[in-house]
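Trainee: Right, I'll just put the structure down here and ask away after.
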Amino acid sequence: MNLQQKYGKTAMVAGASEGIGAAFATYLAAEGCDLVLIARRLEPLHQLADKLTSRYHVEVTCISCDLASTSATQQIEKALQGKDINLLVYNAALSYIGSFIENSVEYHEKMAQVNMLTPLNMLHVFGEKMLVKKKGAVVLMASLAGFQGSGFLTMYAATKAYNRVLAESLWYEWKNSGVDIIACCAGATATPNFKNTLPEKTSFFAPRVQLPEEIPDECFKKLGKRPSYIIGRGNRIASFFMQKIMPRKMAITLMGNNTKKMYRL
Ligand SMILES: NC(=O)c1ccc[n+]([C@@H]2O[C@H](COP(=O)([O-])OP(=O)(O)OC[C@H]3O[C@@H](n4cnc5c(N)ncnc54)[C@H](OP(=O)(O)O)[C@@H]3O)[C@@H](O)[C@H]2O)c1
């Protein structure tokens, strides 16, 4: 049974025009899902929509919406005009690399909106509809940065920890409801956003940087089976050492040192 047969016809990807979000959209189209794609810029969304429509003969709706807006969920609901959402991938995130204090509180709050409050709102609205129908699925993007304190990625890491705990908690609450949810925990992935940060390789032992296309396949194989899943063997090994072998203080220090080296801080 493919995803469309299991969960229903329409999947929505928030943050869909490039990188991991575009990879999720492409994977879902290949599974036969009609798509609702969300991002701020309509042009790259339309380009992706054209490609997916002609390749997979699915219906694609593009919505321009800033997920940093406190009314993002309401704007999306309005644009959907009653269309049912059977599978939701919340992918977009705002990040900041550098000193917590030097970044403005307004920007931290914007990160809280995009990374925590908008997914919270969307989960409440679309999750409730899925629960009523006893069928549906949600993927929340988390990150290895959220597995321990990650200095100089402080607020980003905290928001990613929130997404992981939110998905894991709802996995338990919704276990017998027909609605599956997973926190998809990625490590470094070669998205345009990641490449724009100009990262330096930190050590020979650092896990391989993954391609966006590797993420959806692994994630959907675990959806319905695991509350959260770390994508990529190298990331799982690194995480095993950092979470199970190293004292927490050492893991936090390693993460902070790596970030400083990676971004020349
Ligand atoms: N890349 C990595 O190394 C990595 C590692 C671990 C976890 N992750 C997680 O994976 C997810 C995707 O990361 P990514 O690197 O692909 O980049 P991203 O910047 O989080 O996502 C890019 C997509 O989101 C859209 N977007 C960004 N901000 C938006 C906003 N305020 N409103 C609406 N749409 C918005 C962008 O289109 P517009 O610019 O047109 O809006 C684009 O389509 C994130 O949740 C991130 O935390 C990434």
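Trainee: Restricting attention to the stretch 12-65, which residues are in a strand (DSSP E or B), buried (at least 18 other Cβ atoms within 10 Å of the Cβ) and out of contact with any Phe, Trp or Tyr (no Cβ under 7 Å at 6 or more places or on another chain)?
Mentor: Initially, the stretch 12-65 is screened for residues in a strand (DSSP E or B), giving 12-14, 34-39, 60-64.
Next, from what is left, pick out any that are buried (at least 18 other Cβ atoms within 10 Å of the Cβ): 12-14, 34-39, 60, 62-63.
Passing the criteria: Met12, Asp34, Leu35, Val36, Leu37, Ile38, Ala39, Val60, Cys62, Ile63.
Trainee: Name every residue in the stretch 59-79 that is of a type outside the set (Ser, Thr, Tyr), within 16 Å of the ligand (Cβ to nearest atom) and in contact with a strand residue (DSSP E or B) (Cβ under 7 Å, 6 or more places away or on another chain), in order of residue number.
Mentor: Within the stretch 59-79, Val60, Cys62, Ile63, Cys65, Leu67, Ile76, Ala79 meet the criteria.
Trainee: Among (1) of a type in the set (Val, Ile, Thr); (2) surrounded by 16 or more Cβ atoms within 10 Å (Cβ to Cβ); (3) not in a strand (DSSP E or B), there is one condition Ile181 misses while meeting the rest; what is its number?
Mentor: With (1) of a type in the set (Val, Ile, Thr); (2) surrounded by 16 or more Cβ atoms within 10 Å (Cβ to Cβ); (3) not in a strand (DSSP E or B) applied to Ile181, the lone miss is (3).
Trainee: Scan the stretch 119-169 residue by residue and report those that are open to solvent by 10 Å² or more (accessible area, probe 1.4 Å), closer than 20 Å to Gly21 by Cβ, in a helix (DSSP H, G or I) and polar (S, T, N, Q).
Mentor: Matches in the stretch 119-169: Asn121 only.
Trainee: Residues of the stretch 19-68 being in contact (Cβ under 8 Å) with a residue 40 or more places away in the chain and of a type in the set (Ser, Thr, Tyr), which ones?
Mentor: Thr26, Tyr27, listed by residue number.
Trainee: To continue, here is another question. Starting from the stretch 194-209, keep only residues that are free of Cβ contacts under 8 Å to residues at least 24 places away in the same chain and in a loop (DSSP other than H, G, I, E, B), then list their pairs with residues that are among the aromatic types (Phe, Trp, Tyr) and away from the ligand (no atom under 11 Å from the Cβ) whose Cβ atoms are within a distance under 7 Å, requiring at least 6 positions of separation or different chains.
Mentor: none
Trainee: Still on this structure, please answer the following. Here is a list of conditions, (1) within 17 Å of Gly136 (Cα to Cα); (2) surrounded by 15 or more Cβ atoms within 10 Å (Cβ to Cβ), and Ile97 meets all of them except one; can you say which number that is?
Mentor: For Ile97, the failing item is (1).
Trainee: Only one of these conditions is not met by Asp84: (1) open to solvent by 30 Å² or more (accessible area, probe 1.4 Å); (2) near the ligand (Cβ under 8 Å from one of its atoms); (3) under 19 Å from Thr118 (Cα atoms); (4) not aromatic (Phe, Trp, Tyr). Which number is it?
Mentor: Among (1) open to solvent by 30 Å² or more (accessible area, probe 1.4 Å); (2) near the ligand (Cβ under 8 Å from one of its atoms); (3) under 19 Å from Thr118 (Cα atoms); (4) not aromatic (Phe, Trp, Tyr), the lone unmet condition for Asp84 is (2).
Trainee: So if I check each of Ala161, Ala183, which one is within 18 Å of the chain's Cα centre (by Cα), more than 9 Å from the ligand (Cβ to nearest atom) and under 17 Å from Thr259 (Cβ atoms)? Write out each step before concluding.
Mentor: On the way: Ala183 fails: under 17 Å from Thr259 (Cβ atoms).
Every option except Ala161 fails the conditions.
Trainee: With respect to Glu214, is the statement that it is closer than 25 Å to Tyr96 by Cα, open to solvent by 30 Å² or more (accessible area, probe 1.4 Å) and not aliphatic (A, V, I, L, M) true?
Mentor: Numbers: closer than 25 Å to Tyr96 by Cα: yes; open to solvent by 30 Å² or more (accessible area, probe 1.4 Å): yes; not aliphatic (A, V, I, L, M): yes.
It is true that Glu214 is closer than 25 Å to Tyr96 by Cα, open to solvent by 30 Å² or more (accessible area, probe 1.4 Å) and not aliphatic (A, V, I, L, M).
Trainee: Report, by residue number, each residue of the stretch 69-98 that is of a type in the set (Gly, Ala, Ser) and in contact (Cβ under 8 Å) with a residue 40 or more places away in the chain. Break it down stepwise before answering.
Mentor: Within the stretch 69-98, the subset of a type in the set (Gly, Ala, Ser) is 69, 71-72, 79, 82, 92-93, 95, 98.
Across the stretch 69-98, the qualifying residues are Ser69, Ala72, Ala92, Ala93, Ser95, Gly98.
Trainee: On to the next question. On the given criteria, is Ala92 crowded, with 24+ Cβ neighbours inside 10 Å and under 30 Å from Gly256 (Cβ atoms)? Let's see the steps before the verdict.
Mentor: Values: crowded, with 24+ Cβ neighbours inside 10 Å: yes; under 30 Å from Gly256 (Cβ atoms): yes.
Yes; evaluated as a whole, the condition is true for this residue.
The values are calculated or read from the model by the stated rules, or taken from the named source; none is laboratory data. Predicted, not measured: the structure shown is a model, and the values here were computed from it. Cβ coordinates were reconstructed from backbone atoms using ideal geometry, including for glycine residues, and neighbour counts include every protein chain displayed. Each accessible area value is taken on the protein alone, full model and side chains, heavy atoms only, with ligands, DNA and RNA left out. Shrake-Rupley method; radii C 1.70, N 1.55, O 1.52, S 1.80 Å.
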